[in-house]
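The block underneath contains the structure these notes are about, expressed in structure tokens.
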């Protein structure tokens with residue numbers, strides 16, 4: 001997206017009325033270009049046609065309690081650059097963990113004031129994770145239960161190099177690949193290659209899992 005261009009937002013809700021209500025939250029703000037649908041098939045068509053930056057997906061779609069998870073996976077399979085925010089009715093551990101595992105980078109509970117939705121979209125678009133402390137706790141607990149996610153190998157050697165750890169810390173701070181490249185004086189292509197190696201070493205497949213790894217295993221960046 002060109003700098004200064006509106007953030008393209010796709011809303012995928014369980015009903016047309018809910019969809020219209022959510023779209024109305026953004027009003028006529030020039031910061032956002034919002035499209036919406038209550039149809040899974042139409043959502044995929046809209047994504048193909050408009051290349052949205054952020055997708056707000058209801059956790060329940062097509063009368064399925066986990067329909068939103070499937071929708072998120074389909075969107076990301078065909079458009080991996082989309083940032084998915086899962087909208088949930090309540091903060092339940094299973095729902096939060098499954099949303100992150102499906103590739104969501106944000107959890108937006110419906111008991112949160114709607115005026116926060118615009119901030120949520122802006123934050124995830126900027127590369128940050130949107131979740132409250134309870135939701136992060138659920139995700140960290142789930143991550144701790146995964147035995148393959150280790151910080152040292154069987155010989156006691158660190159899994160990540162110092163440069164890779166720098167990149168992980170930058171990612172945890174909400175930086176995009178381009179911002180990481182600038183911060184570390186690397187090319188964006190080099191950052192992407194580092195990301196692939198980090199994913200492979202840690203046995204993860206999403207930026208969210210890497211960020212959670214940083215939160216649970218690495219010391220924060222020292223203050224400037």
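The values are calculated or read from the model by the stated rules, or taken from the named source; none is laboratory data. Everything numeric in this text was worked out from a predicted model, so none of it was measured. Cβ coordinates were reconstructed from backbone atoms using ideal geometry, including for glycine residues, and neighbour counts include every protein chain displayed.
Can you say whether residue 14 is assigned to a loop (DSSP other than H, G, I, E, B), touching a residue at least 24 places away in the same chain (Cβ under 8 Å), in contact with a strand residue (DSSP E or B) (Cβ under 9 Å, 6 or more places away or on another chain) and in the same structural domain as residue 88 (by TED's automatic domain parsing), as far as the supplied structure shows? If you could, list the steps in order and put the result at the bottom.
Working: assigned to a loop (DSSP other than H, G, I, E, B): yes; touching a residue at least 24 places away in the same chain (Cβ under 8 Å): yes; in contact with a strand residue (DSSP E or B) (Cβ under 9 Å, 6 or more places away or on another chain): yes; in the same structural domain as residue 88 (by TED's automatic domain parsing): yes.
It is true that residue 14 is assigned to a loop (DSSP other than H, G, I, E, B), touching a residue at least 24 places away in the same chain (Cβ under 8 Å), in contact with a strand residue (DSSP E or B) (Cβ under 9 Å, 6 or more places away or on another chain) and in the same structural domain as residue 88 (by TED's automatic domain parsing).
Which of the residues that make up the range 38-59 are surrounded by fewer than 19 Cβ atoms within 10 Å (Cβ to Cβ) and under 19 Å from residue 91 (Cα atoms)?
Passing the criteria: none in range.
Give the residue, chosen from 182, 168, that is closer than 21 Å to residue 80 by Cβ and modelled with pLDDT of 85 or more. Walk me through it before giving the result.
Numbers: 182 fails: closer than 21 Å to residue 80 by Cβ.
Answer to the selection: 168.
Output the residues belonging to the range 60-94 that are modelled with pLDDT under 85 and buried (at least 23 other Cβ atoms within 10 Å of the Cβ).
61
Consider residue 54 against the criteria (1) more than 20 Å from residue 8 (Cβ to Cβ); (2) touching a strand residue (DSSP E or B) at 6+ places or on another chain (Cβ under 6 Å): it satisfies all of them except one. Which criterion is unmet?
Looking at each condition in turn, residue 54 falls short on (1).
Residue 36: farther than 22 Å from residue 176 by Cα, in the same structural domain as residue 110 (by TED's automatic domain parsing), at pLDDT 85 or above and assigned to a strand (DSSP E or B), yes or no? Step through it out loud before you land on a result.
Details: farther than 22 Å from residue 176 by Cα: yes; in the same structural domain as residue 110 (by TED's automatic domain parsing): yes; at pLDDT 85 or above: yes; assigned to a strand (DSSP E or B): yes.
Spelling it out, residue 36 is indeed farther than 22 Å from residue 176 by Cα, in the same structural domain as residue 110 (by TED's automatic domain parsing), at pLDDT 85 or above and assigned to a strand (DSSP E or B).
From the list 171, 175, which one is crowded, with 18+ Cβ neighbours inside 10 Å, outside any helix (DSSP H, G or I) and at negative phi? Steps first, please.
Numbers: 171 fails: outside any helix (DSSP H, G or I).
Just one listed residue meets the conditions, 175.
Could you name every one of the helices (runs of 4 or more DSSP H) located completely within the range 69-149 that has at least 3 residues being under 17 Å from residue 206 (Cα atoms)? Steps first, please.
Numbers: elements: 93-101, 116-125, 133-144.
Helices (runs of 4 or more DSSP H) meeting the threshold: 93-101, 133-144.
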